There are 2 protein chains.
Amino acid sequence: MARILQERAPLVRNASAAATELIREAIVDGRLPPGQRLKEEELARELGISRTPVREALLILQAEGLVDAAPNRGAVVRSHDADDLEDLYQLRALLEGYAARRAAASISEAAVAGLHASCERFESLIEGDVQELVKENLLFHNVILDASRSRRVAELVRKVIELPLVYRSYIWYSVEQRRISAHYHRQITRALEARDGERAELVMKEHVYEARDVLVSKVREAEERE
Amino acid sequence: MARILQERAPLVRNASAAATELIREAIVDGRLPPGQRLKEEELARELGISRTPVREALLILQAEGLVDAAPNRGAVVRSHDADDLEDLYQLRALLEGYAARRAAASISEAAVAGLHASCERFESLIEGDVQELVKENLLFHNVILDASRSRRVAELVRKVIELPLVYRSYIWYSVEQRRISAHYHRQITRALEARDGERAELVMKEHVYEARDVLVSKVREAEERE
DNA sequence: CTTGACCATACAGTATGCAATCCGCATCGT
DNA sequence: ACGATGCGGATTGCATACTGTATGGTCAAG
């Protein structure tokens, strides 16, 4: 497992928090694949710290749902089957739809302008780098979550979508599907601009459902092959 | 802080899990009031274990949102203001409403019978013991969460409502309000029986909203007095 | 050749000691 | 009198040593 967890900056604040972030990132972007065993001693050695902060990190990640742990048997990177993902996206649609509806009621002019700008950038990336597209997509959704003015919902959505496959799902998108995504972003922005909460919710939900369809079908395909 | 955390049964399986449950229960039913400092050594002494499992317990409870912790300054029991509770109940209405809608599609005859039985018991407790009423209410909601067949939603709701005030809120109910609660339970059960998801969702939401109204107004009153 | 018990080993669970940090208080200087 | 500075106690953060438990392998008996 060498070289998987190299930190580039000085350890953030304290060892536990740093370990948590490094391991989380490694899981989310796939360097630690689902099913991978996470041995405390090994991780500690790699991060140059003792087992105690590693244990704390694993505990936090377990609470976040990124790792599974059994008593006396250690932790593994949690894996998600297609049913699981379907459930998760259903929940995401519910929460982000709700966030969009709430955002319509209270979103600022500045935030709307920000969303339009994000749409521009998203559109210009349709035939461009996937990595950048993912980042822009994340930004768009985050602006709406913040505008919903519900701390709990925003927090929840961020936790819920914190999964390897979710972040990487744009990889599966065809150019045509990217265009449709861009269109939905624009339509959501317009609905918010017009203070039309119902419509913002509606489009957001469909946007999430389509993401679910792509992802779930790809995962089911992969499951077939086994 | 003597005598607050006495365990009655043999320690569940391991010390961390036992500590987590004991502290959680103490917070939820109010023996550890909001704002109370949670010193590791003190808790360890009281539970007859070392600081390590106590640290782990506090970490878990922090992830659950029951305690706040600042680096190098320890943990305190988290307190919730009225705005916070309002946000939380809004979220609860959304999630439990959704759970009720889903439950309508797939609930078993047996579960419906169970709900009717719960309604009977709830009605017979209207002028009875609050403690029992709270328990019966919890049972009712749990049956629906299980029937929703969405592991994540059920899990989420249980985490979200895991708060001292939520469990104790029936204390504030008048007999008339209890009657109305009983009526809503019955109506929800009937809607589920008739496979009417939309109506089950509707009534569930109103049921939660009314709980919110009672609780938030009581908390605002208490905040005024300061 | 199969099956069961035992043992070795690897790893998680817990305890404890020491270092780092924070906070209150007193002392000093302006 | 008031703010800055430094000291000491309290408490968390981390490391390490020890203990308990699960698993896989080996060997003997059937």
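What residue, of A:Val130, A:Val143, A:Val153, is without any contact (Cβ under 8 Å) to a residue 60 or more places away in the chain, more than 12 Å from the chain's Cα centre (by Cα), more than 12 Å from chain B (Cβ to nearest Cβ) and within 20 Å of A:Tyr89 (Cβ to Cβ)?
Working: A:Val143 fails: within 20 Å of A:Tyr89 (Cβ to Cβ); A:Val153 fails: more than 12 Å from chain B (Cβ to nearest Cβ).
So the residue among A:Val130, A:Val143, A:Val153 that is without any contact (Cβ under 8 Å) to a residue 60 or more places away in the chain, more than 12 Å from the chain's Cα centre (by Cα), more than 12 Å from chain B (Cβ to nearest Cβ) and within 20 Å of A:Tyr89 (Cβ to Cβ) is A:Val130.
Results for (1) closer than 27 Å to B:Ala26 by Cβ; (2) within 14 Å of chain A (Cβ to nearest Cβ); (3) part of a helix (DSSP H, G or I), shown as yes or no for each residue.
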{"site": "B:Ile126", "(1), (2), (3)": "no, no, no"}
{"site": "B:Leu139", "(1), (2), (3)": "yes, no, yes"}
{"site": "B:Glu162", "(1), (2), (3)": "yes, yes, no"}
{"site": "B:His185", "(1), (2), (3)": "no, no, yes"}
{"site": "B:Glu198", "(1), (2), (3)": "no, no, yes"}
{"site": "B:Glu206", "(1), (2), (3)": "no, no, yes"}
{"site": "B:Glu210", "(1), (2), (3)": "no, no, yes"}
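For the stretch A:23-48, the set of residues classified as under 15 Å from A:Asp68 (Cα atoms) and more than 12 Å from DNA strand D (Cβ to nearest atom) consists of A:Ile23, A:Arg24, A:Ile27, A:Val28, A:Leu32, A:Pro33, A:Pro34, A:Gly35, A:Gln36, A:Leu38, A:Lys39, listed by residue number. Checking B:Glu136, B:Glu123 one by one, the residue that is more than 16 Å from DNA strand D (Cβ to nearest atom), open to solvent by 10 Å² or more (accessible area, probe 1.4 Å) and more than 25 Å from B:Glu21 (Cα to Cα) is B:Glu123 and no other. When B:Ser106, B:Ser148 are checked against the criterion of being touching a Lys or Arg at 6+ places or on another chain (Cβ under 8 Å), among the small types (Gly, Ala, Ser) and surrounded by 21 or more Cβ atoms within 10 Å (Cβ to Cβ), B:Ser148 stands alone in meeting it.
For the stretch A:179-202, the set of residues classified as under 19 Å from A:Val134 (Cα atoms) and touching a residue at least 12 places away in the same chain (Cβ under 8 Å) consists of A:Arg179, A:Ile180, A:Ser181, A:Ala182, A:Tyr184, A:His185, A:Arg186, A:Gln187, A:Ile188, A:Thr189, listed by residue number.
Against the definition (farther than 15 Å from B:Tyr170 by Cβ and in contact with a Gly (Cβ under 7 Å, 6 or more places away or on another chain)), how does B:Ala105 come out, yes or no? Considered against the rule, which asks whether it is farther than 15 Å from B:Tyr170 by Cβ and in contact with a Gly (Cβ under 7 Å, 6 or more places away or on another chain), B:Ala105 comes out as yes. For B:Ile107, the requirement of being more than 11 Å from every other protein chain (Cβ to nearest Cβ) and within 16 Å of DNA strand D (Cβ to nearest atom) is not met.
Per-residue answers, yes or no, for (1) out of contact with any helix residue (DSSP H, G or I) (no Cβ under 6 Å at 6 or more places or on another chain); (2) within 16 Å of DNA strand C (Cβ to nearest atom):
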| residue | (1), (2) |
| --- | --- |
| B:Ile27 | yes, no |
| B:Arg31 | yes, no |
| B:Pro34 | yes, no |
| B:Lys39 | yes, yes |
| B:Arg45 | yes, yes |
| B:Arg51 | no, yes |
| B:Val76 | yes, yes |
| B:Asp83 | yes, no |
| B:Ala99 | no, no |
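Filtered by the rule that a residue be farther than 18 Å from A:Ile60 by Cα, of a type in the set (Gly, Ala, Ser) and part of a loop (DSSP other than H, G, I, E, B), the stretch B:23-75 gives B:Gly30, B:Gly35, B:Gly48, B:Ser50.
Within the stretch A:57-70, residues that are more than 7 Å from every other protein chain (Cβ to nearest Cβ) sit with their Cβ atoms under 7 Å from residues that are small (Gly, Ala, Ser) and crowded, with 17+ Cβ neighbours inside 10 Å, at 6+ positions apart or across chains, in these pairs: A:Ala57/A:Ser16; A:Ala57/A:Ala19; A:Leu58/A:Ala75; A:Gln62/A:Ala75; A:Val67/A:Ala75; A:Asp68/A:Ala75; A:Ala69/A:Ala75. Being within 14 Å of chain B (Cβ to nearest Cβ) and of a type in the set (D, E, K, R) holds for only one residue in A:Arg45, A:Arg24, A:Arg31, and it is A:Arg24.
The values are calculated or read from the model by the stated rules, or taken from the named source; none is laboratory data. Keep in mind that this is a model prediction, so the values were computed, not measured. When we count neighbours, we look across all protein chains shown, and the Cβ atoms used for this are built from the backbone with ideal geometry, even at glycine. Remember, those area values only see protein heavy atoms, side chains included, never the ligands or the DNA or RNA. Shrake-Rupley method; radii C 1.70, N 1.55, O 1.52, S 1.80 Å.
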